[in-house]
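Peer 1: To start, I am sharing the structure in question, which I have written as structure tokens.
The values are calculated or read from the model by the stated rules, or taken from the named source; none is laboratory data. Just so you know, these numbers come straight off a predicted model, no measurement behind them. When we count neighbours, we look across all protein chains shown, and the Cβ atoms used for this are built from the backbone with ideal geometry, even at glycine.
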Amino acid sequence: MSQPCHLPPLPPFPHSRPRRLRRAAWSRRLVAEHCLRPADLILPVFVMDGSDCEVSIGAMPGVVRHSPDRVLRVAERALEAGIPALALFPATPLEAKTEDGREAWNPENLVCRTLRLLKRQLPELGLIADVALDPYTTHGQDGLVDGGVVLNDETLEALCRQALCQAEAGCDVIAPSDMMDGRIRAVREALDAAGHQETLILSYAAKFASAFYGPFRAAVGSATALGAADKKTYQMDPANSSEAIREASLDIAESADMLMVKPGMPYLDVIRTLKDAFHLPTLAYQVSGEYAMLKAAGQNGWLDGDAALLESLLCFKRAGADAILTYAALEVAGRLGR
Ligand code: PBG
């Protein structure tokens, strides 16, 4: 794809007419190089406490936090629509948040309870869960904090305990997402030692310190906790792409099964770079802020929202993504199926 082209030069116009292939719908379809299928989509779902209830999320029209029983309904619809997997994100009640985020390894936490419910009822649906402390800490950082410093090594044990809890509850894919060092190896060793050799690890190999996470942080309640602080000492600088190669190499050496790039649309070059360099399954996360932009422009009539959404997702495939996490997975899968 990114190799230089060694083909003989094309005959010039008027002999060459690239428009010939674009003239009819059938030939455009015939020569389309990429396509978007429901099987390419992963649905992120926000889970909250309670039963039979949901709460809508500001800046994410059509997205809600669900109680676990409602997540099951959503999961059934996803499975029916041909979506292979769900990614769960908890909105942890304030009273369960602590300085050390210990709720992360409580086997009765929201994510673990929901994983067990889904795995029991829908064993064929893939389940993904993040490993990071931010949903559970009072300060909103992804790791343990000491004197304002987010600690790398000291957080490892907590993350391994969280990963084990989630694997035991039925999680198929553990996704260490804090962008700190040595995560993949530590989690792999902990999983293997506990007999979870088959549990997959999805490395958030290139996760950037991005302004596009705003609506997500509001949805899971980490925005208030974080306040004016940021995550720039561990998430990547949006200015960098070679660093993404180093990050991914390290995670692959530590045995990552899949890579993720996040956010998505502003980072398509990074997806292409990682895909070409490593040939590993490479996922993209169309994050909350991207979803918000597309929906807002659509609602204002400034864009054809439906068309722009489909185009944005197809472009992830063209850039080399094997699958895309998107809050629009259900609506898009429904439209693709028709
Ligand atoms: C945190 C996490 C974040 C997202 C997913 N997991 C945000 C953050 O780093 O604060 C953002 C996803 C989105 O914006 O949709 N581990």
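Peer 1: Sort out which residues of the range 86-104 are within 16 Å of the ligand (Cβ to nearest atom) and either surrounded by 23 or more Cβ atoms within 10 Å (Cβ to Cβ) or within 25 Å of Val150 (Cα to Cα) (or both), and write them in order of number.
Peer 2: Answer for the range 86-104, where residues must be within 16 Å of the ligand (Cβ to nearest atom) and either surrounded by 23 or more Cβ atoms within 10 Å (Cβ to Cβ) or within 25 Å of Val150 (Cα to Cα) (or both): Leu86, Leu88, Phe89, Pro90, Ala91, Thr92, Lys97, Gly101, Glu103, Ala104.
Peer 1: To continue, here is another question. Tell me the residue from Thr273, Thr326, Thr282 that is closer than 30 Å to Asp181 by Cα, buried (at least 19 other Cβ atoms within 10 Å of the Cβ), within 14 Å of the ligand (Cβ to nearest atom) and not basic (Lys, Arg), please.
Peer 2: On the way: Thr273 fails: within 14 Å of the ligand (Cβ to nearest atom); Thr282 fails: within 14 Å of the ligand (Cβ to nearest atom).
Selected residue: Thr326, the only one of Thr273, Thr326, Thr282 that is closer than 30 Å to Asp181 by Cα, buried (at least 19 other Cβ atoms within 10 Å of the Cβ), within 14 Å of the ligand (Cβ to nearest atom) and not basic (Lys, Arg).
Peer 1: Now for a different question. Please enumerate the residues belonging to the range 108-148 that are hydrophobic (A, V, I, L, M, F, W, C) and either within 15 Å of the ligand (Cβ to nearest atom) or in contact (Cβ under 8 Å) with a residue 60 or more places away in the chain (or both).
Peer 2: Those that are hydrophobic (A, V, I, L, M, F, W, C) and either within 15 Å of the ligand (Cβ to nearest atom) or in contact (Cβ under 8 Å) with a residue 60 or more places away in the chain (or both): Leu110, Val111, Ile128, Ala129, Val131, Ala132, Leu133, Leu144, Val145.
Peer 1: While we're here: With respect to the numbered conditions (1) of a type in the set (Val, Ile, Thr); (2) in a loop (DSSP other than H, G, I, E, B); (3) under 20 Å from Ser203 (Cα atoms), which one is the sole condition not fulfilled by Ile83?
Peer 2: Evaluating Ile83 over (1) of a type in the set (Val, Ile, Thr); (2) in a loop (DSSP other than H, G, I, E, B); (3) under 20 Å from Ser203 (Cα atoms) leaves (3) as the failure.
Peer 1: I've got another one for you. How many residues, within the range 217-232, are outside any helix (DSSP H, G or I), within 12 Å of the ligand (Cβ to nearest atom) and of a type outside the set (A, V, I, L, M)?
Peer 2: Summing the residues that are outside any helix (DSSP H, G or I), within 12 Å of the ligand (Cβ to nearest atom) and of a type outside the set (A, V, I, L, M) in the range 217-232 gives 4.
Peer 1: Scan the range 153-180 and report the pairs whose first residue is within 14 Å of the ligand (Cβ to nearest atom) and whose second residue is among the aliphatic types (A, V, I, L, M) and at pLDDT below 95, with Cβ atoms within less than 9 Å and a gap of 6+ or a chain change.
Peer 2: Sorted first by the residue in the range 153-180, then by its partner, the pairs are Met179/Ala205.
Peer 1: Something else: Given the criterion in contact with a His (Cβ under 9 Å, 6 or more places away or on another chain) and buried (at least 18 other Cβ atoms within 10 Å of the Cβ), identify the matching residue among Val45, Val63, Val55.
Peer 2: Among Val45, Val63, Val55, only Val45 is in contact with a His (Cβ under 9 Å, 6 or more places away or on another chain) and buried (at least 18 other Cβ atoms within 10 Å of the Cβ).
Peer 1: Filter the range 239-270 for residues that are under 19 Å from Leu43 (Cα atoms), of a type in the set (A, V, I, L, M, F, W, C) and surrounded by fewer than 24 Cβ atoms within 10 Å (Cβ to Cβ) and give the result.
Peer 2: Result: Met258, Met265.
Peer 1: In the list Ala211, Ala163, Ala167, which residue meets the criterion of being under 16 Å from Asp134 (Cβ atoms) and modelled with pLDDT of 95 or more? Please lay out each step first, then the result.
Peer 2: Working: Ala211 fails: under 16 Å from Asp134 (Cβ atoms); Ala167 fails: under 16 Å from Asp134 (Cβ atoms).
Matching residue, one of Ala211, Ala163, Ala167: Ala163.
Peer 1: Quick check on my filter: what residues within the range 185-210 are surrounded by fewer than 22 Cβ atoms within 10 Å (Cβ to Cβ), touching a residue at least 40 places away in the same chain (Cβ under 8 Å) and either more than 10 Å from the ligand (Cβ to nearest atom) or closer than 14 Å to Ile252 by Cα (or both)?
Peer 2: Within the range 185-210, Arg185, Leu200 meet the criteria.
Peer 1: Going through Arg73, Arg65 one at a time, which residue ends up being of a type in the set (Lys, Arg) and in a helix (DSSP H, G or I)?
Peer 2: Just a single option satisfies the conditions, and that option is Arg73.
Peer 1: Still on this structure, please answer the following. Identify all residues within the range 10-28 that are part of a loop (DSSP other than H, G, I, E, B), of a type in the set (A, V, I, L, M, F, W, C) and surrounded by fewer than 10 Cβ atoms within 10 Å (Cβ to Cβ); write none if there are none.
Peer 2: Leu10, Phe13
Peer 1: Separate question: Enumerate the pairs (first residue in the range 70-88 and within 24 Å of Ala163 (Cβ to Cβ); second residue anywhere and aromatic (Phe, Trp, Tyr)) with beta-carbon separation below 9 Å, excluding pairs fewer than 6 apart on the same chain, so at least 6 apart or on different chains.
Peer 2: Pairs found: Val71/Phe46; Ala87/Tyr285; Leu88/Phe46.
Peer 1: Based on this model, can you work out whether Glu154 counts as part of a helix (DSSP H, G or I), within 16 Å of Leu259 (Cβ to Cβ) and of a type in the set (Asp, Glu)?
Peer 2: Against the criterion (part of a helix (DSSP H, G or I), within 16 Å of Leu259 (Cβ to Cβ) and of a type in the set (Asp, Glu)), Glu154 does not qualify.
Peer 1: Hey, can you tell me all the residues within the range 159-209 that are within 24 Å of Asp100 (Cβ to Cβ), in contact with a Gly (Cβ under 7 Å, 6 or more places away or on another chain) and not charged (D, E, K, R)?
Peer 2: Met180
Peer 1: Output the qualifying pairs, or none if there are none: Cβ atoms under 7 angstrom, residues six or more apart or on different chains, first residue in the range 94-107 and under 12 Å from Leu159 (Cβ atoms), second residue charged (D, E, K, R).
Peer 2: Trp105/Arg161
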